[in-house]
Amino acid sequence: MTDTSEAFIAHQLVQQLRRDERWVRHVVGVGHSFGSAIWMIEAAGYHDVDALILTGCLHAPNPAQQAAIGAGLHPAGQDSAFTSAAPPEGYVTTMPGVRGSDFYYLPAAASGAVALDEQTKATGTTGERASMNLARDPAYSDVSTCPCSSPSATTTP
């Protein structure tokens with residue numbers, strides 16, 4: 001899986017929703033983190049959503065933070081949270097205990113948020129990780145013609 005393949009899937013969902021305008025007049029792409037990247041690529045490539053709501057996604061990469069996140073990943077099959085699911089090779093997740101420093105501004109994090117995030121973490125693929133910066137490319141991020149709201153941009157320290 002990559003950003004572009006997931007954006008194509010999102011596009012197919014938008015097209016299905018638009019088939020019957022009696023029920024759906026407007027389609028808004030809502031994403032957080034990697035989901036924001038998917039919707040930016042979908043909106044720029046297909047121009048078929050009416051608006052975007054994006055959170056947890058910076059337009060400018062932070063190489064030091066990206067390196068820290070990469071160093072905190074390991075194969076999902078090696079993580080006790082996923083061993084029973086036996087994820088295939090190429091699936092990764094964060095190592096236990098790194099989510100707080102990797103994804104939070106800890107002095108302002110809500111009590112219990114980091115622990116809950118650790119308990120409910122998910123997997124990603126190496127293909128997603130390799131294509132993560134694609135949405136930051138001006139060919140995608142500057143081409144979207146729909147209104148965009150990014151509340152996290154105003155709250156990131």
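Screening VAL49, VAL30, VAL24 for residues that are outside any loop (DSSP other than H, G, I, E, B) and either hydrophobic (A, V, I, L, M, F, W, C) or in contact with a Gly (Cβ under 6 Å, 6 or more places away or on another chain) (or both) leaves exactly one candidate, VAL30. For segment 57-66, the criterion of being touching a strand residue (DSSP E or B) at 6+ places or on another chain (Cβ under 9 Å) and either at pLDDT 90 or above or part of a loop (DSSP other than H, G, I, E, B) (or both) is met by at least one residue.
Selection of segment 80-91 for residues being surrounded by 12 or more Cβ atoms within 10 Å (Cβ to Cβ) and either modelled with pLDDT under 90 or touching a Gly at 6+ places or on another chain (Cβ under 8 Å) (or both) yields PRO87, GLY90, TYR91. If the condition is being more than 23 Å from THR123 (Cα to Cα) and touching a Phe, Trp or Tyr at 6+ places or on another chain (Cβ under 9 Å), then segment 32-52 contributes ALA43, ALA44, GLY45, TYR46, VAL49, LEU52. Scanning segment 46-79 for residues that are loosely packed, with under 12 Cβ neighbours inside 10 Å and among the aliphatic types (A, V, I, L, M) returns ALA60, ALA64, ALA67, ALA71. Per the conditions (1) modelled with pLDDT under 80; (2) in contact with a Ser or Thr (Cβ under 9 Å, 6 or more places away or on another chain); (3) polar (S, T, N, Q), the sole criterion not satisfied by THR156 is (2).
Of the residues making up segment 90-122, those that are touching a Ser or Thr at 6+ places or on another chain (Cβ under 9 Å), closer than 21 Å to PRO75 by Cα and outside any helix (DSSP H, G or I) are GLY90, TYR91, VAL92, THR93, PRO96, LYS121, ALA122.
For THR94, the test of being at pLDDT 95 or above, closer than 20 Å to CYS57 by Cβ, within 18 Å of the chain's Cα centre (by Cα) and crowded, with 17+ Cβ neighbours inside 10 Å is passed.
Assessment of segment 46-62 against the conditions (of a type in the set (D, E, K, R) and touching a residue at least 40 places away in the same chain (Cβ under 8 Å)) yields at least one matching residue. If only residues of segment 123-147 that are acidic (Asp, Glu) and assigned to a loop (DSSP other than H, G, I, E, B) are counted, the one that is surrounded by the fewest Cβ atoms within 10 Å (Cβ to Cβ) is ASP142.
The values are calculated or read from the model by the stated rules, or taken from the named source; none is laboratory data. Predicted model, so just to flag it, every value in this text is computed and none were measured. A quick note on method: Cβ atoms are made from the backbone with ideal geometry, for glycine too, and the neighbour counts reach across all protein chains shown.
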